[in-house]
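Structure record follows, encoded as structure tokens.
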Amino acid sequence: MHLDPELNALATPDGEREAALRYLAQLSERASRAESATEVAEILTAVAGPAEGLLPLTREVVVRTVIACSQHLNSGGEDAEPVSQLANTADSLLRAAHQVLLARNQAARAPQKPTPATTPPPAVGQLPAPTTRHR
């Protein structure tokens with residue numbers, strides 16, 4: 001399918017779009033460096049959180065676009081199948097967000113790795129070494 005180059009948002013990025021792309025790249029980096037289930041849960045919340053998650057916000061954009069397209073197509077007698085498929089995509093985004101939140105909840109419940117102590121505790125029945133010297 002051929003698209004009009006003027007419709008290609010990738011050709012003319014603006015500051016907000018660049019910031020969004022940087023945010024996605026940062027989330028990806030955070031995910032690859034995550035060292036705890038809590039960190040993973042935080043990243044998944046950013047992806048699918050109900051209020052400000054990326055998937056719900058993307059779904060909102062798609063739904064509003066479907067509504068706008070439907071209004072324009074109704075007046076022009078155009079083929080409505082692509083818009084219908086777009087509506088199905090919005091439903092898929094909702095299901096994907098739900099699955100991500102289930103994974104987030106599972107990660108949040110995962111036991112955390114204990115943080116290593118700077119000095120190991122004494123063994124059971126062993127007294128700690130004295131900290132003062134006798135002269």
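The values are calculated or read from the model by the stated rules, or taken from the named source; none is laboratory data. Worth saying up front: this structure is predicted, and the values here are computed from it rather than measured. Cβ coordinates were reconstructed from backbone atoms using ideal geometry, including for glycine residues, and neighbour counts include every protein chain displayed. The area values use the complete protein model at the heavy-atom level, side chains included, leaving out ligands, DNA and RNA. Shrake-Rupley method; radii C 1.70, N 1.55, O 1.52, S 1.80 Å.
Between residue 80 and residue 28, the simple spin-label model (points 7 angstrom out along Cα→Cβ) gives 3.8 nm.
For residue 19 and residue 92, the difference between the fully extended length at 0.36 nm per residue and the C-alpha to C-alpha distance is 23.7 nm.
For the listed peptides 42-51, 84-93, 23-32, a ranking on the average number of other beta carbons within 10 Å per residue, highest first, reads 42-51, 84-93, 23-32. The distance separating the Cα centre of the stretch 13-82 from that of the stretch 94-108 comes to 15 Å. Computed from the Kirkwood radius of its Cα pairs, the Stokes-Einstein diffusion coefficient for the stretch 38-114 at 20 °C and 1.002 mPa s stands at 154 µm²/s.
Roughly how many percent of the accessible protein surface of the stretch 20-78 is carbon and sulfur, given a 1.4 Å probe and a whole-percent answer?
Values: 2270 of 3990 Å².
Carbon and sulfur together cover 57 percent of it.
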